[in-house]
Every structure is written in structure tokens, then in C-alpha cells.
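See below for the structure under consideration.
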Amino acid sequence: MLGVKAKLKPSVIKDSKPLSSQSNKEYKEASIGSTDPLIDFAIITAIDIELKAVCEAFQITAEHRVRKGSRVYWRNRMELQNSEFYEIVVAQSPDMANVDVALLASDTIHHWHPEAMLMVGIAAAASQEQTLGDIVVGNAIYYYERGKITPEGLKPEPYQYPVDQTLWSRIISLPEWNGIISVSRPDGMNSRPRIHPGVIASGEKVIADAAMRDDIAAAHRKIVAIEMEGYGVSKAAWQSFERVRHIVIRAICDFADSSKSSEWHSYAAAVAAGYTKHFLLDRPLELRNQSC
């Protein structure tokens, strides 16, 4: 087992300075007069079903593909009121887990200089308090994999990254979402997804064992979900020179136990994408581009 039942204080990265860095300001100033709009939000996905859900929610097609170096992105404009807009770029990692996603997030920052990054997709529930299709929004990402192997067993060394506090304050004050998406619930019910704010646990393994899930969740009383990419995005954002704002938005697709399957993947991915669009329609950040 993970050996994380002991009460541990994770290493926490503190938010010591504003995230609107001088580097991003200089980039914006250098771009004045350019016909290419600045990117407001970069959305990172890990698997194909998450990318498809985001593209459908934001009306993105194959025609919106853009190549930058070895990467392929999808870029489109999200129309707001009064002819205003957010410029959005979407990316999919070539593989799951934190290392691949951290590299993608770092390249996305380098290529596009976004104002903020959103990790959007599916996750496993940390307990029975969350139900299939529910939304989880992380105020921090708890990386549980680090530690030291000794003759006495594993000595955990968890790390925790907070998300951007401006984005966090905006998302927890959102008006109620109607939950309408194009994908039907697999159980045929009309239940509206509930919102669970809290800590998201991030690791490198697919968890399909209830005992292992409970060990992970026991390490931090506010863990609401378990996934494999949030730490990579958070680390890339925090270690970038530009200090890009970031937050993680997920929807529950299974309970990380022996019942784990892909039955709820499409619905959960669509919920996460739909809620992300609802979030951006509320204009959480100032626009970087003037309206046409």
C-alpha cells in the first residue's frame, strides 16, 4: 500500500507574488499592432475523449488546427457579449500522466503565452460523497507519489500546489449551471451535476482498487478526486518564468475501485467541458484583446 495514512504536512508552494508577470506584460506590449490576437486561455487535455468534448463545447473543428514546432494545437475564438471575445487554444497530451502533460503545458506557455491554463477532463471519485458525473474543482493539487523507500517501508513526501486564487475566487462564485450538454447520462437519469470544490490528488497510476483509493484519500481530508495530470500542469505553471494562472476542472467518471470502466467517460468529459465553458462565459479574467 502507499503508507500514507499518517498525518503528513505536504510541501506547499506559497503564492508569493502576483501571477500577472512582467514577462507577460512585455509580450503583450511587443504584440501591439499585430493582427494575431493574444491567447486568453489555454485548455489542456490528456486523452482523446477529453479533447473531443472540449472541441464540441467550444465549436472547434479540424480546420482550427495550428502547428507549432512538434506540437499540434486547436485555436478558436469564444464569442462573448457586445462583440467581445476570449481567444482560446486547446492541446492534447500524447500520453496520460504528469510528465507528458507537464512537457505539453510548458510548450503551450512557450508557444502561446496564455493568460491562464485550464486542465479539463475526467477523474475518479475519492469517496462515495462524489457521484458519477459530478464536477470537482481543485483549489490545490496534491501530488502523493513522492517518497523514500526504507527497510521500514515507504516514507511519503507529498507536494501540494495551490491553484491561482483569482480563478479560484471566480469559479466558486459562479451562478448555477444548468448542466445541459449533448451527451446523455449512462444511467438515464436527469440529475444535474453537483459541484465539489476541494483538493485534487494527482499521481502516476490508474487506480482501480478501493483500498488504494482510500489510502490516497486518507492523506488529506479535503481530497475530492484522484487523477494523473493536474500536478504536471501545476508544476509547469508554477515553474514557468511567466507564472501563468491555472486551475483544474474535472468530472467524476468512476470510483477508482474494481467497478472501474469507461462507461461514464464520454458523459463526464462533456460535463467538464460544458462547465468550463460556463465558467469562461462569466468572464473570470479581463479581456486581452479589443473587440472588433
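Which one is nearest to M212 (Cα to Cα) among residues in the stretch 132-150 that are free of Cβ contacts under 8 Å to residues at least 24 places away in the same chain and either out of contact with any Lys or Arg (no Cβ under 7 Å at 6 or more places or on another chain) or aromatic (F, W, Y) (or both)?
Filtering the stretch 132-150 for residues that are free of Cβ contacts under 8 Å to residues at least 24 places away in the same chain and either out of contact with any Lys or Arg (no Cβ under 7 Å at 6 or more places or on another chain) or aromatic (F, W, Y) (or both), the one nearest to M212 (Cα to Cα) comes out as R146.
Suppose we keep only residues that are touching a residue at least 12 places away in the same chain (Cβ under 8 Å) and open to solvent by less than 70 Å² (accessible area, probe 1.4 Å) within the stretch 55-71. Which one would you say is farthest from S291 (Cα to Cα)?
R71
Within the stretch 272-292, how many residues turn out to be open to solvent by 10 Å² or more (accessible area, probe 1.4 Å) and not in a helix (DSSP H, G or I)?
Total satisfying the criteria: 10.
Of the conditions (1) free of Cβ contacts under 8 Å to residues at least 12 places away in the same chain; (2) crowded, with 17+ Cβ neighbours inside 10 Å, S169 clears all except one; give me its number.
(2)
If the requirement is being under 19 Å from D95 (Cα atoms) and in contact (Cβ under 8 Å) with a residue 40 or more places away in the chain, which of these qualifies: S234, S258?
Result: S234 is the single residue among S234, S258 that is under 19 Å from D95 (Cα atoms) and in contact (Cβ under 8 Å) with a residue 40 or more places away in the chain.
Given the options A218, A225, A269, name the one that is open to solvent by less than 10 Å² (accessible area, probe 1.4 Å) and out of contact with any His (no Cβ under 8 Å at 6 or more places or on another chain).
A269
Within the stretch 241-254, is even one residue modelled with pLDDT under 95 and in contact with a helix residue (DSSP H, G or I) (Cβ under 6 Å, 6 or more places away or on another chain)?
Yes.
Among the residues of the stretch 197-207, is there at least one that is modelled with pLDDT of 95 or more, buried (at least 22 other Cβ atoms within 10 Å of the Cβ) and assigned to a helix (DSSP H, G or I)?
Scanning the stretch 197-207, I find no residue that is modelled with pLDDT of 95 or more, buried (at least 22 other Cβ atoms within 10 Å of the Cβ) and assigned to a helix (DSSP H, G or I), so the answer is no.
For the stretch 128-143, indicate whether the set of residues that are touching a strand residue (DSSP E or B) at 6+ places or on another chain (Cβ under 9 Å), among the aromatic types (F, W, Y) and part of a loop (DSSP other than H, G, I, E, B) is non-empty.
Within the stretch 128-143, none of the residues are touching a strand residue (DSSP E or B) at 6+ places or on another chain (Cβ under 9 Å), among the aromatic types (F, W, Y) and part of a loop (DSSP other than H, G, I, E, B).
Scan S191, S234 and give me the residue that is assigned to a loop (DSSP other than H, G, I, E, B), of a type outside the set (D, E, K, R) and more than 15 Å from I171 (Cα to Cα).
S191
Being out of contact with any strand residue (DSSP E or B) (no Cβ under 6 Å at 6 or more places or on another chain) and at pLDDT 95 or above narrows it down to one residue among I109, I88; which is it?
I109
Which residues, taken from the stretch 105-122, are over 10 Å from the mean Cα position of the chain (by Cα) and outside any helix (DSSP H, G or I)?
Listed by number, the residues that qualify are H113, P114, E115, A116.
Within the bounds of the stretch 73-88, is there any residue that is over 30 Å from S258 (Cα atoms), out of contact with any Lys or Arg (no Cβ under 8 Å at 6 or more places or on another chain), of a type outside the set (D, E, K, R) and touching a residue at least 40 places away in the same chain (Cβ under 8 Å)?
Yes: one or more hits.
The values are calculated or read from the model by the stated rules, or taken from the named source; none is laboratory data. Model, not experiment: these values are computed from the prediction. Every residue, glycine as well, gets a Cβ built from its backbone with ideal geometry; the counts of neighbours run over all protein chains shown. Note: accessible area is taken over every heavy atom of the protein model, side chains too, but ligands, DNA and RNA are not part of it. Shrake-Rupley method; radii C 1.70, N 1.55, O 1.52, S 1.80 Å.
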